Structures are given as structure tokens and as C-alpha cells.
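The values are calculated or read from the model by the stated rules, or taken from the named source; none is laboratory data. Only a predicted model underlies this, so the values are computations on that prediction, with no experimental measurement involved. Note that we place each Cβ from the backbone using ideal geometry, even for glycine, and neighbour counts take in every protein chain shown. Side chains included, ligands, DNA and RNA excluded: accessible areas come from the protein's heavy atoms. Shrake-Rupley method; radii C 1.70, N 1.55, O 1.52, S 1.80 Å.
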Amino acid sequence: MSEKETPKRRPLKNSRPEGFQPKVWLIWAAIIALAVAVATIPPGRKAAPVKLNIQQVVELAEKGEIKDGVIKAEPSGGPFYTTIVGEFVTPQKNADGVDSTHFSAAGRVIDESMARLQATRVFKEPAAETWLSSLLVSLLPFLLILGVLYFLFLRQIRAAGRGALNFGKSRAKLLTRDRDKVTFKDVAGCDEAKEEVSEVVEFLKDPKKFQKMGGRIPKGVLMVGPPGTGKTLLAKAVAGEADVPFFSISGSDFVEMFVGVGASRVRDMFEQGRKNAPCIVFIDEIDAVGRQRGAGLGGGNDEREQTLNSLLVEMDGFDTTEGVIIIAATNRPDVLDSALLRPGRFDRQVMIDLPDMIGREQILRVHAKRINLDDDVDLAEFARATAGLSGADLANLLNEGALLAARRNKKKVERIDIEDAREKILFGRERRRMMDDAEKRMTAWHEAGHALIGTVLEDDKNQLHKVTILPRGRALGMAMYLPKKEVLSLGKKQILNRIAMALGGRIAEELVFDDISNGASSDIQQVTKLARHMVCDWGMSELGPIAYGENSDTIFLGREISRSENFSEATAQKIDAEVRKIVDEQYARATAILKERRAALDGIAEALLQYETIEGKHVMEIIKDGHISSPVVHTLPPVLEEPSAKPESNKRISSTDLPAAGAAPATT
């Protein structure tokens, strides 16, 4: 599409200057008017006025006993009929015998009496009132009350009524191009996916190029991938590169409590797309409305299925030459209806997987532009040490590092800040619980068993990073491993090594304390899961390459309601025997390693009791030399000082500041 054919951006509806809230201003205006009305209403009199005749009023006025008064003609009483009201200088008794400061008089006033009253200069005549002004004065309080009620209640009721008529309207939001523009430069770590969707961008820019060749652009593009990999961001980048209107809506916005609303919204959404063509309609989390029809143990949802039927018809009904392209995102493609995935609807599925090492470095560099990093931060190093993290996780990693640096009153984010943030994200935040000496010693030897076997049986994919007896997450201690490279598959020997390593903690407790604890529960679950996968799924046992059992995760999709096991009871006994055999062999193997290297096991545990956290290189030094030769950076707990003193939290000291091995742990 040429620049002349680029559609002009339409102004957004109901756009008001920022900070302008008419409801608040009207409420304040009503309050001020009410206050003015109350202030202008004369206060109520405590006593009834004294009744006088006209002659008495004239005499008292000439004597100076009247402070002020008002002469008002009353045409309804006849010619010269007048009422006079006023206020005494000193109170006088009224008919009830109560002192009153006010009086009233009514009657015919001759010219002589009127001249005498006006000569005292105490009385005044009010301005003539019209019937319109008197009507407005009498209706003003009612108008104020009605105005307040309208702006507080009636407008809400009317808005609810309009909402009831707009249930069938689409809730798709038009993305503003100037403020929220995203391009392919802002998306990293998914080069293959960007190449696939670049065809969509080229079609939106120049649709005649494809039409001349007889080809057609895919009607729909389904982006599939784990959460946080950038599916929504890539869809925004497509709209930003093509410079076309971008409508965004969530799959859950279609379904309402009223039957037929979802289907109506689907039709309205496509109608908006046709009016703004060429454009992109993005449906996020389409699995909320696109689940398989007629699925589930409890029957299907009629409203959801009706919405899906409308979506299927609309996607297969409109002409692709109109330039309306549907992009959807989901992390559950297995639950989508097969009719939604057929060619002619979502022709293409773009897989956006977790980024590799190069992709992670690119993502870190994109997010690092907004963070003040120190020169010692090597993003390539952190890309190698963050295997398995998504783009959202990497953005969170740099953000957590920046927050840690800010709390530590630093001017730049240093390497140690991002390292601490990585450990917090991967392994949980470090917590210091009150543990007695017996529990602390058992935890130290438990983690030493893991670390020793993990170091001795180290493979080319994982490396021991740190060992700690400080609680992280739900664990009292932890042996942390970081991948050396991308792990795409595991061999049988590597899996057996992991089983032996997981059993090392339980074996160390039994060797040293002649007792076992429940601290190995997660290790036992991991060992059992790996061994059963080896036998039933991966064919790594004497039973051969046969898959035993079926995945029952999809039972609520209506696919396996009457599922039965595909092996006999005798085969089940053989499976249990093979699982037990694998675990027993690795248990014996790990036991032999710990008995052979008992001195190294005790050295690692003693170092953990002294320093609480040691690195993988320190474990290797203990295994080779019998002691730690390199400095140990130790994090002490926060110091409780006097209020006037400046607290030093998370102070880092080296091993030279700590007592020698075998002494009591350092305290502050």
C-alpha cells in the first residue's frame, strides 16, 4: 500500500483534556449554589412579631425606637393598602408576653403618614418584583435538589440503560499509533517468528504484490508459545511496522451472562475491522472462547460454543482482499477446536518458544537500554546462566536488579545486584529462620551430600553454582546448579547421575547421624518421577522401547472419558520392579561415593556451618585440597543498632574477616 493510500488516523471518541471531570465540577457547582441559597435565606425568628397599626409605627419611628423597616404595597388589599415590617431598637412584648425585636403592621396608609414614615429615613421600599422573578425564587431550592439527584443517581441509571443496549457491541480497543507504537526493533529473541509474520507486514503495505502472483495471504495467524515469550508484543510490532489500525481484544471479553452476546460481539468486531481495513484484529488468549466443542465431563457451554460458531463463520466468510488479518495468541493450542485450526481460518501457526542463549542476550540488551548498568555487567554471561527463562522473566531480572541497587543506595546497577536478582528469581528469596544446632547440622550435611555427588558426577551440561543452608522458597537449604549450555535433550547416564545426586542428601543424613528426616521429600518425588519416566515414557529400561500408560491430562476435554490402562497387571508389576531397580542401583552408587569421600563430605558441611553459603569452586577445592583456598563472600544478616546509628543491611565480608575453620560462626 502506497503512502497516499495510508488511511488517516481517526480521532478517538469521547476524548477530553486530561484532568477534566465534568461530574466533579457539576457536583461542586451544586454544593456552592446550595451554600449561597442557605446563606441568603433569612434566619428564623425566635419570637412572633409584635402586631401594630400604622399610626403606632409612625409614632415609634419618629421617636427613634425603630431600627429599620420595609414598606411594601399590597395591591390585593385594595388602594393604599400597605404592609410594614421592621425591627425595634429595644425588644418589646408581643401578644404572647414574649420579648420580640420584630414588628409587623398592615392597613391603609394616607399620604401624610407615608410622608412622615419616609421622613424618618428608616424605612425603604423594595424593588418591584415580577411574577417571573418570584416564580424563580420559589422554584430555586427544588431545582437545586433535582440537579444534585440527577448528577448523582439518574445519570448512573441512564448509563446502565445504555450499557444494556450495548451488550452486543465489540469491546475491541483501537491501539493508538503515536503513543503505543512498537516495531520489530523492540522484539528480540524470536527471529524465526518475526520472519514468518513479516509476510503479513508486506501484504498490508503492498497487497497488490501478492494478488498479481495469484497468492493469498493467510487469513489468520495463530501465535503459540509458553507465557512470557512475547506473543502479544510481536502482534503489536506487526501493527507498528505495517502502520495500520490495530484492534486488541481478549477471548474472555466475548462471553457474558446473556445468551447470544458473544456471537453478537464477534460480528460487530469483524464489522469494525471491515470499516477500518486494512487492519489487524488481535485476539489474546483465544483458548477462552475457542475450546473444543462438546468437550468436558459436564457437557459443553452453549454460550461459548455459539460464540465459537460465530467466530468460525466470520473467519471463513469475509474476503481476504479486504485487508483484515486475524492474529491470535494462546499457550494452550491442544485445547483449541480443530475447525478453528484448519486451513482457511488460522492457516499458519507461529511457534514462539523460549529464547536460546543468543536470543536471551538480545532480549537483555533491549531491556538494558532503560537501566543504568555498570561497566562490569556482562550481559552475555547472564544470558548463559539464565537458560529456560522467557523474555518476561529476563525483563523482570533486570528490573529486580535495578530495585536491589536502588535499595543499596547505588548510582549504577552492578554485577552483584543482577546475580542476587537471578538467584531470587530462580531459587527464591533468602530467608533466615531460627534453627537450632541439630537442624542446622543435619541441613548442612544434607546439602553437602548433594553438592559432593553433583560435583563428582558433574556432566557437560550442569555445573554446581552455590550451596547454602539458608532457607530459600520452601527449602531449608539448597544446592544450586546452572546450565553450562542449552539443554535440549538428556542421555540415560545424565538422568542416572541426577537420580544419584538427588539421593545424596538422604544418604548423607543416614551415614552421619544414623537417622533420616523428612527434608528429602522433594528429592524422593523427583527421583521417582525420573525413574518412572525412564521406564514408561523413554524406554530406558529392560522392558524395552515401549510406552506404558497414556497421558490423562486431557480427560476434561472429552477425549478419554472411558480410558483404560493399555497394559496388564503383570506388566504393572514389572514396571514397579524396574523403577525400584533403578532407584536402588543409584542409591548404592551414591552411598559408595559418599563413604569413599567421607572427609570431603565433612569438610563441605563444616564450611557450610561456618559460612552458610559457599560457591561451587569452594566445593571443588575441598574435594581436591581438603580446604578452601579462595575467598568466600559472605552475606551477614541485618544488624540491629541504635536508632541514631545508620543501619548496614546485607553487609558483604570476605573469608578473611571470619574466624578460622572450626571456630564458632561469626556474629555481629
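Taking the criterion of being within 20 Å of G273 (Cβ to Cβ) and assigned to a helix (DSSP H, G or I), the residues of segment 209-230 that qualify are F210, Q211. Evaluating A508 against the criteria (1) out of contact with any His (no Cβ under 9 Å at 6 or more places or on another chain); (2) modelled with pLDDT of 90 or more leaves one unmet condition, (1).
Looking across segment 389-431 at every residue that is in a loop (DSSP other than H, G, I, E, B) and either basic (K, R) or farther than 18 Å from V366 by Cα (or both), the one that is least open to solvent (accessible area, probe 1.4 Å) is identified as G428. Restricting attention to segment 254-280 and to residues that are closer than 25 Å to A193 by Cβ and assigned to a helix (DSSP H, G or I), the residue that is modelled with the highest pLDDT turns out to be M269. The set of residues in segment 565-579 being open to solvent by 80 Å² or more (accessible area, probe 1.4 Å) and in contact with a helix residue (DSSP H, G or I) (Cβ under 8 Å, 6 or more places away or on another chain) consists of E565 alone. Scanning segment 511-539 for residues that are under 26 Å from T386 (Cβ atoms) and either open to solvent by less than 70 Å² (accessible area, probe 1.4 Å) or modelled with pLDDT under 90 (or both) returns S522, D523, L530, H533. If the condition is being surrounded by fewer than 16 Cβ atoms within 10 Å (Cβ to Cβ) and of a type in the set (G, A, S), then segment 203-248 contributes G214, G215. When we screen A590, A599 for residues that are surrounded by fewer than 12 Cβ atoms within 10 Å (Cβ to Cβ), modelled with pLDDT of 90 or more, among the small types (G, A, S) and within 27 Å of H450 (Cα to Cα), the only hit is A599. Within segment 367-415, being modelled with pLDDT of 90 or more and touching a His at 6+ places or on another chain (Cβ under 9 Å) holds for L394, A395, L397, L398, N399. Put simply, of L297, L311 the only residue that is modelled with pLDDT under 85 and within 19 Å of M223 (Cβ to Cβ) is L311. Counting just the residues of segment 453-481 that are touching a His at 6+ places or on another chain (Cβ under 8 Å) and open to solvent by less than 20 Å² (accessible area, probe 1.4 Å), which one comes out nearest to P355 (Cα to Cα)? My answer is M480.
Please go through segment 485-508 and give me each residue that is in a loop (DSSP other than H, G, I, E, B), open to solvent by 50 Å² or more (accessible area, probe 1.4 Å) and free of Cβ contacts under 8 Å to residues at least 40 places away in the same chain, ordered by number. Hits for segment 485-508 are L488, S489, L490. Within segment 357-388, can you find the residues that are in contact with a Leu (Cβ under 7 Å, 6 or more places away or on another chain) and assigned to a helix (DSSP H, G or I)? Selection gives R360, E361, I363, L364, R365, H367, A368, L379, F382, A383.
Checked against the criterion of being in contact with a helix residue (DSSP H, G or I) (Cβ under 6 Å, 6 or more places away or on another chain) and farther than 26 Å from K185 by Cβ, segment 378-391 contains not a single residue that satisfies it. Cβ-Cβ distances below 9 Å connect the following pairs, each with a first residue in segment 333-352 that is closer than 21 Å to K194 by Cα and open to solvent by less than 10 Å² (accessible area, probe 1.4 Å), a second residue that is in a loop (DSSP other than H, G, I, E, B) and among the β-branched types (V, I, T), and a separation of six or more residues or different chains: I352/T229. Residue count for segment 126-152, restricted to those that are assigned to a loop (DSSP other than H, G, I, E, B) and modelled with pLDDT of 75 or more: 0. As for segment 5-16, it holds no residue that is assigned to a helix (DSSP H, G or I) and either at pLDDT 80 or above or open to solvent by less than 70 Å² (accessible area, probe 1.4 Å) (or both). Here the condition is being at pLDDT 80 or above and either within 30 Å of D268 (Cβ to Cβ) or in contact with a Gly (Cβ under 8 Å, 6 or more places away or on another chain) (or both); of F167, F123, F210, F103, it holds for F103 alone.
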